[in-house]
Amino acid sequence: MRNPLQNAAAGITPKSPGGTPGSPGHAPGAGHAAASLAELVTYRTVSIRAGGTSRAGAGGETAEFESFIAALPRLYPAVHAAMELERVNGHALLYRWPGSAVAEDPAAGHRASVLMAHYDVVPADDPGEWTHPPFSGHNDGTFLWGRGTLDDKGQLVAILEAAERLLLAGYAPAHDLYFSFGNNEETAGNSAAAAADLLAGRGVLPWLVLDEGGAVAGGAFPGVSRPAAVVGVAEKGILDVELLTRDPGGHASTPPRMGATARLARAITRIERSPFPQSLPEVTAEMLRRFGPHTPPPLRAVFANVALLRAPITWLFGRLGSETNAMTRTTVAITTLEGSSGANVLAATAKANANIRVAVGETVEGTMALLRRIIRDPKVELHVVEGNGPSPVSPSSGAQWDLLADCIGQVFPEAIITPYIMMGGTDSRRFTGICGAVYRFAPFFMDVRARGSIHAVDEKIGLETLEQGVRFYETLMREL
Ligand SMILES: [Zn+2]
């Protein structure tokens with residue numbers, strides 16, 4: 001049972017009027033979060049995939065990661081005075097805020113929680129297209145512009161800002177609280193796995209893990225006018241499979257029947273014509289049930305009876321569009337193609353990459369077996385390049401879920417709160433082996449346009465949106 005007065009107090013942040021941001025003993029003033037994020041956006045912490053492995057960046061890029069890390073103690077002095085900080089795997093950061101109850105009762109350490117974010121970003125390849133340069137951190141009084149503001153430096157700043165305010169207000173959490181900040185999420189790097197291994201090696205099995213993923217989404221569902229706080233309880237698997245065909249090769253003037261390229265093309269057409277089987281995951285059915293009362297009448301009746309109408313809803317999802325289709329099955333996208341390098345030379349080998357998103361409940365082995373059956377040609381070689389199966393599903397009820405829902409409800413009272421399955425991947429999947437309550441949610445309002453700007457042009461965060469995110473973490477940290 002939480003103290004409602006304590007919760008109410010969480011929204012009232014002591015301000016130091018006219019005080020220097022970050023000056024010791026005073027809570028950071030209004031605008032401190034935005035000013036910090038603006039500075040952190042200017043460090044070009046672009047993670048680059050090289051030869052299938054990720055790295056923080058070579059040469060000058062490593063310097064950007066170092067500059068980012070070096071700025072944090074200056075921006076958040078109270079956090080860096082109170083919390084232990086260690087580097088993981090080079091440039092990932094793991095903070096520990098010792099719980100106040102752990103000193104008297106070591107067992108309380110078992111209720112440790114982990115708040116996650118990542119500070120690497122994808123490149124901004126077309127800076128000329130941006131309204132304000134992508135690494136400028138331009139503040140126009142309403143929005144803070146730049147690569148990483150939403151994905152995911154904004155979340156990192158909201159966490160640190162909330163902790164700084166609580167520390168300066170004399171607060172410490174009851175249980176150990178960890179912040180795990182990744183440096184290679186965008187390249188599916190191994191820092192988060194290293195952090196999870198480190199914690200597991202110390203016997204820390206977190207009670208709750210919260211990472212990026214969902215958001216408070218406007219226009220998330222057709223016909224629903226209220227925003228939806230979508231909390232990821234699971235994520236699909238991501239698998240890259242190379243399709244390879246071979247041929248003796250030779251001159252293009254005397255082509256054989258079914259050469260390497262034709263064989264590969266036939267395999268690709270077969271994949272395109274035979275989608276993986278459909279099903280409506282229980283989490284998605286639960287989401288429809290929660291949206292139901294807020295949809296217009298015909299849909300409302302349908303979603304109130306999801307259990308009875310599961311088969312036709314699933315069928316419909318497969319035909320409504322690519323997003324709803326992806327919610328009901330494993331999907332395969334052929335992303336790269338390679339044949340001969342000469343216009344008049346037959347291909348000795350032809351290759352394609354299949355980027356496969358494995359549905360929750362399926363396995364890598366089962367997916368590969370079905371792919372072989374769909375291609376039905378033993379001369380097409382299949383090689384798993386990299387990837388992993390889907391994550392386990394965290395519960396949409398119970399103490400951790402209720403706590404999250406309660407904190408979301410306090411900061412976003414208008415939002416419909418619902419679990420969902422993420423189509424993309426996050427670092428948090430590395431923690432599912434040591435924690436049964438892994439959730440994916442950024443406490444930021446994002447309309448359709450904001451969501452479309454992630455990994456694209458004109459990424460920006462509203463100043464009020466950032467402040468709401470800080471308030472969410474303050475509310476949450478008081479309960480951990
Ligand atoms: Zn991200």
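In the range 173-190, the qualifying residues are those that are surrounded by fewer than 23 Cβ atoms within 10 Å (Cβ to Cβ) and hydroxyl-bearing (S, T, Y), and the one that is farthest from the ligand (Cβ to nearest atom) is Y178. Close Cβ contacts (under 8 Å, 6 or more residues apart or on different chains) running from residues in the range 423-435 that are on the phi < 0 side of the Ramachandran plot to residues that are assigned to a loop (DSSP other than H, G, I, E, B) and within 13 Å of the ligand (Cβ to nearest atom) comprise G425/A188.
For every residue, the table says whether it meets (1) assigned to a helix (DSSP H, G or I); (2) touching a Leu at 6+ places or on another chain (Cβ under 9 Å); (3) within 16 Å of the ligand (Cβ to nearest atom).
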{"site": "G137", "(1), (2), (3)": "no, yes, no"}
{"site": "E164", "(1), (2), (3)": "yes, yes, no"}
{"site": "A192", "(1), (2), (3)": "yes, no, yes"}
{"site": "S225", "(1), (2), (3)": "no, no, no"}
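Answer yes if at least one residue in the range 433-441 is at pLDDT 95 or above, among the hydrophobic types (A, V, I, L, M, F, W, C) and within 16 Å of the ligand (Cβ to nearest atom), and no otherwise. Within the range 433-441, one or more residues are at pLDDT 95 or above, among the hydrophobic types (A, V, I, L, M, F, W, C) and within 16 Å of the ligand (Cβ to nearest atom). On the basis of being away from the ligand (no atom under 16 Å from the Cβ), within 26 Å of E414 (Cα to Cα), buried (at least 24 other Cβ atoms within 10 Å of the Cβ) and within 20 Å of the chain's Cα centre (by Cα), does V157 make the cut? In short, no.
Among the residues of the range 185-200, those identified as under 18 Å from the mean Cα position of the chain (by Cα) and either closer than 14 Å to I238 by Cβ or at pLDDT 95 or above (or both) are E185, E186, T187, A188, G189, S191, A192, A193, A194, A195, A196.
The values are calculated or read from the model by the stated rules, or taken from the named source; none is laboratory data. Since this is a predicted model, take the numbers as computed values, not measurements. Backbone-built Cβ (ideal geometry, glycine too); neighbour counts: all protein chains shown.
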